[in-house]
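I have placed the structure first, in the form of structure tokens, so that the comments after it can refer back to it.
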Amino acid sequence: MRAGERSKHPERTLSDPEQSRRAKRKSKGACEAAGALSSLLYPHRAGFWYNASKIRLVVSGSLQRRLTMRSKHVTVLIGLVVAAPLLFSGRGVAAAQDNGGQVGAQACVAPCLYDQLTLGQTNGSVSQNFETAFNSLDNQSADDFSIPAGTFFWSVNKIEVDGLYLNGSNFQAASVNVYFYNTAGTLPPLPGTSLYQASFVPSAGLNNGDFVVNLNPPAGLLAGKTYWVSVQANLDAGGSLPHEWLWGFRGPQAANEAAWVNPENGFGGTGCTTWKTLTACGLPVPPGPPPESDLQFRLSGSQINIAATVYLPLVSR
């Protein structure tokens, strides 16, 4: 270049609006990556928040070079790469917890994750969504279970419950609602915030109340926590003596006593408009010994390892 000649490519100075647009693109890339990760861990909860403390984060320079895509003004490392162990490690290998439940001689082995199912009960706790005319009777029962600490989560894709119909014959539920809750910070422990809610037609058991429910999407639950599961039958009251579905009692009690709620207090005026234990609500828990203050259920699915290397978005000029 001769002296005094102006460069054809002068150094560019970014205006304030353009700097703002770049900052927004950086922020958007990070958010999209976090959303992609959450959809893997919690497919039923779009937009579930991402807690970076749960995952080990590593940035690889060579990976940046391989995955870098150049746009007109900025070089962006695209979204998210999850190592194979996150998707495939441990599928079908369950950290089974057998709490004395079984069907015949079948113990809790993979894909069983948690078991307190014995079947054959003749009494239980009502857990039912009635038709609109009887909304004040709507109620739920729930029981707790814990996942051992570790670098994995459970993908629960099936729940089995022991139950029975009451007050009449030749009727059955139309479908069931399945909920998973975290544990509220109360004494005694009770269900807290809802983490999962969906309705399904059981694959078996509608005729007798022993429901087998396949969950699609599955419920993703992190290790080292206590959760509550609730199964609620969608069943109309029918005649003058209302048709009911009862979730079978079980003893001895494992961990916390089962809970019950009747938000509009129309079911006998128990006052349990928020979650309380079965006995606090005055439900007829069999005295035992031991008292049958738990509910019968079995969870099945897979344990998935999340001790994986995760690459989050990086933006460079």
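The values are calculated or read from the model by the stated rules, or taken from the named source; none is laboratory data. What you see is a predicted model; the values in this text were computed from it and never measured. Note: ideal-geometry Cβ built from the backbone for every residue, glycine included; neighbour counts use all protein chains shown.
Among the residues making up the range 190-205, those that are surrounded by 19 or more Cβ atoms within 10 Å (Cβ to Cβ) and either outside the structural domain of Lys225 (by TED's automatic domain parsing) or within 14 Å of Val176 (Cα to Cα) (or both) are Tyr196, Pro202.
Residue-level check: of (1) buried (at least 19 other Cβ atoms within 10 Å of the Cβ); (2) at pLDDT 85 or above, Phe134 misses just (1). Residue selection: Ala233 fails the criterion of being out of contact with any Gly (no Cβ under 9 Å at 6 or more places or on another chain) and aliphatic (A, V, I, L, M). Kindly indicate whether any position in the range 276-294 is part of a loop (DSSP other than H, G, I, E, B), touching a Cys at 6+ places or on another chain (Cβ under 8 Å) and surrounded by 15 or more Cβ atoms within 10 Å (Cβ to Cβ). Checked the range 276-294: at least one residue is part of a loop (DSSP other than H, G, I, E, B), touching a Cys at 6+ places or on another chain (Cβ under 8 Å) and surrounded by 15 or more Cβ atoms within 10 Å (Cβ to Cβ). Pairs meeting the criteria (first residue in the range 136-154 and outside the structural domain of Cys112 (by TED's automatic domain parsing), second residue outside any strand (DSSP E or B) and surrounded by fewer than 23 Cβ atoms within 10 Å (Cβ to Cβ), beta carbons under 9 Å, at least 6 apart or on different chains) are lacking. Taking the range 167-189 as the range and being surrounded by fewer than 18 Cβ atoms within 10 Å (Cβ to Cβ) and of a type in the set (S, T, N, Q) as the test, the residues that pass are Asn167, Ser169, Asn170, Gln172, Ser175, Asn182, Thr183, Thr186.
When you scan the range 148-165, how many residues do you find that are among the hydrophobic types (A, V, I, L, M, F, W, C), more than 15 Å from Leu195 (Cα to Cα) and surrounded by 15 or more Cβ atoms within 10 Å (Cβ to Cβ)? Outline the logic, then answer.
We begin by selecting, within the range 148-165, every residue among the hydrophobic types (A, V, I, L, M, F, W, C); these are 149, 152-154, 156, 159, 161, 164.
Now narrow it down to the ones that are more than 15 Å from Leu195 (Cα to Cα): 149, 152, 159, 161, 164.
Of the ones still in play, those that are also surrounded by 15 or more Cβ atoms within 10 Å (Cβ to Cβ) are 152, 159, 161, 164.
Count: 4.
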